[in-house]
Amino acid sequence: MRAKREYRNRGDVDVAVLDALVDRADDGMTVLELRAAVDADIDTLESALADLKADSLITVDQTDERVVIMPADRVVPDADETVEADQSLFDSVRDRLGL
């Protein structure tokens, strides 16, 4: 799943982090899990997380054992938005034409 369209006008790493977090919106991800999911070095990832946190697009939950990063609710698309984003251009044109 991908983050909502209005949050996709950020840097590549920011968008990759948001997409990875949206995929695991219910459970969240640790920094290590994000590092494995996003193709960026740790410094770049840390900078992206700081920017996303400053813009209130992610939340950080800390328990005794681990730190879990979650996407903000406003970043996670609704079910109908997900269906639209997953359609190909051909599918969208076909639906518009009623074919």
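Charged side chains reduced to their Cβ positions (Lys and Arg at +1, Asp and Glu at -1) give region 16-83 a dipole of some 140 debye around its Cα centre. Per-residue Karplus couplings for region 63-69, computed as 6.51 cos²θ - 1.76 cosθ + 1.60 with θ equal to phi - 60°, are listed in order as 10, 4, 9, 7, 10, 10, 9 Hz, Gly and Pro entered as x. Neighbour counting of Cβ atoms within 10 Å sorts the residues SER56, SER47, fewest neighbours leading, into SER56, SER47. Averaging 1/r over every pair of different alpha carbons in region 20-84 and inverting the result gives a Kirkwood radius of 12.5 Å. Packing, as the average of other Cβ atoms within 10 Å across residues, places the peptides 13-26, 64-77 in the order 13-26, 64-77, highest first.
None of the figures in this text is laboratory data; all of them are computed from the coordinates on show. Everything numeric in this text was worked out from a predicted model, so none of it was measured. Cβ coordinates were reconstructed from backbone atoms using ideal geometry, including for glycine residues, and neighbour counts include every protein chain displayed.
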